[in-house]
Amino acid sequence: MRAISRAIDRFCQKYQGFGIPKLMLFIVLTTAAVFILGVSGNGIIGFLFFHPELILIGQVWRLITWIVIPVGGNIFFAVITLFFYYFIGSSLEREWGAGKFTIFYFSGVILNVLYGFIAFFFVRSSAQLATITPVYLNLSMLFAFATLFPDYPIRLFFLIQIKIKWLALFSAAFFLYEIIAGLVSGYIFIALIPLIAILNYILICGDELFAHIRPLLKRSSPQVINFNKAAKKVKRDLADKPYRHKCAVCGRTDTEHPELEFRYCSRCNGYHCYCSDHINNHIHFT
C-alpha cells in the first residue's frame, strides 16, 4: 500500500497537468441535473443505471453514468447529501491535487465496474446481481477525509457538532451492517459491494491510515524489558557523557554523581583525582 501511494505521488508530481480540476463539482452538478430531470418523470434515470447485459450490446455509457444517479427522492436529503459530497471531494482535491483525487475517484469507479461484471458472469439471477450505486464510492471519500483531518468539526444536519472521525466510524458501522445483512440473506455478491469501496480507500489512503494506527498499537502492546541490557545501555550512555573529575579508585565521575566532592592528592606522583570517599583512603602513586 505504501508503494502504491508513493507511486501515485511520484506520478502526479511528474505529470502535474494530469487530473480533472473541480471533478466533484462537475459530478455534483450533473447529479443535481439528473435529480431535477428525474423528478419530472421522463424516465431518464432508467438509461443511466449500470447494467452489464445492456452494456455488452452497446450501451457503453452505462459504464460511467451510474455515478451521477441521485440517491433518494427527497429534495432536502438530496441537497444536503450533494453539498456534503462536494465539500469532502473539493477538500480532498485541494489537499492531494487534482491528479491524485482523480485517480482515487476513478479507481473506485473501475473497481466497482469490474466487480459488477464479475457478479454478472457468475450469477445470472437478477435478484443476486450486484446493483452498483455511487453511495459506497462517495462514502469512501468520507473515510479519506477523516483519515487526513480526523478532528475536523462538522454540524450534522446543521445542528449537532461532531468530529468527522465519529461520522466516519458510524459509516463504517453502516458498511459492516450492510455486509452482514447481505450475507445472512444469502445475497453474497450484493453483500460484498461495500468492500470494493473499502479496498479502493485502503489502496490509496492505507499509508495515512496505518500512520494513525501504528502509535496506538505500540501503546497497547506490552514491551518486555531486558534489565541487563538496559543497565548496560545506561552505563554506556553515562560513560560517553563528558566529565571534569573522575575518581582514580572507584571510577565515579562528577557527571554521574554530582553530589560528590572531588580532590587531587598532593602526595601522589602526578595529577590523580579522588572522590570524597577515597581522598584519604587510597594507595599513593609513586
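The values are calculated or read from the model by the stated rules, or taken from the named source; none is laboratory data. Worth saying up front: this structure is predicted, and the values here are computed from it rather than measured. Using ideal geometry, Cβ is built from the backbone for each residue, glycine included, and neighbour counts are taken over all protein chains shown.
Scanning region 54-70 for residues that are more than 11 Å from GLY116 (Cβ to Cβ) and either touching a Leu at 6+ places or on another chain (Cβ under 9 Å) or among the hydroxyl-bearing types (Ser, Thr, Tyr) (or both) yields TRP61, THR65, ILE67, VAL68, ILE69, PRO70.
In this structure, ALA231 does not qualify as in the same structural domain as LYS100 (by TED's automatic domain parsing), among the small types (Gly, Ala, Ser) and at pLDDT below 70.
Can you find a residue that is of a type in the set (Phe, Trp, Tyr), touching a Phe, Trp or Tyr at 6+ places or on another chain (Cβ under 8 Å) and part of a helix (DSSP H, G or I) anywhere in region 19-37? Let's see the steps before the verdict.
Step one: list which residues in region 19-37 are of a type in the set (Phe, Trp, Tyr), which gives 26, 35.
Now restrict to residues that are touching a Phe, Trp or Tyr at 6+ places or on another chain (Cβ under 8 Å): none.
Within region 19-37 (the criterion being of a type in the set (Phe, Trp, Tyr), touching a Phe, Trp or Tyr at 6+ places or on another chain (Cβ under 8 Å) and part of a helix (DSSP H, G or I)), the answer is no, since none of the residues qualifies.
For the criterion of being crowded, with 18+ Cβ neighbours inside 10 Å and under 34 Å from the mean Cα position of the chain (by Cα), ILE64 fails. Taken over region 18-48, the residue count meeting the criterion of being on the phi < 0 side of the Ramachandran plot and in contact (Cβ under 8 Å) with a residue 40 or more places away in the chain is 11.
Please indicate, with yes or no, whether at least one residue in region 79-87 is in a helix (DSSP H, G or I), in the same structural domain as PHE143 (by TED's automatic domain parsing) and farther than 30 Å from ILE8 by Cα. Let's see the steps before the verdict.
Pass one, region 79-87, residues in a helix (DSSP H, G or I): 79-87.
Now drop any that are not in the same structural domain as PHE143 (by TED's automatic domain parsing), which leaves 79-87.
When the remaining residues are screened for being farther than 30 Å from ILE8 by Cα, the result is 79-80.
Checking region 79-87: at least one residue is in a helix (DSSP H, G or I), in the same structural domain as PHE143 (by TED's automatic domain parsing) and farther than 30 Å from ILE8 by Cα.
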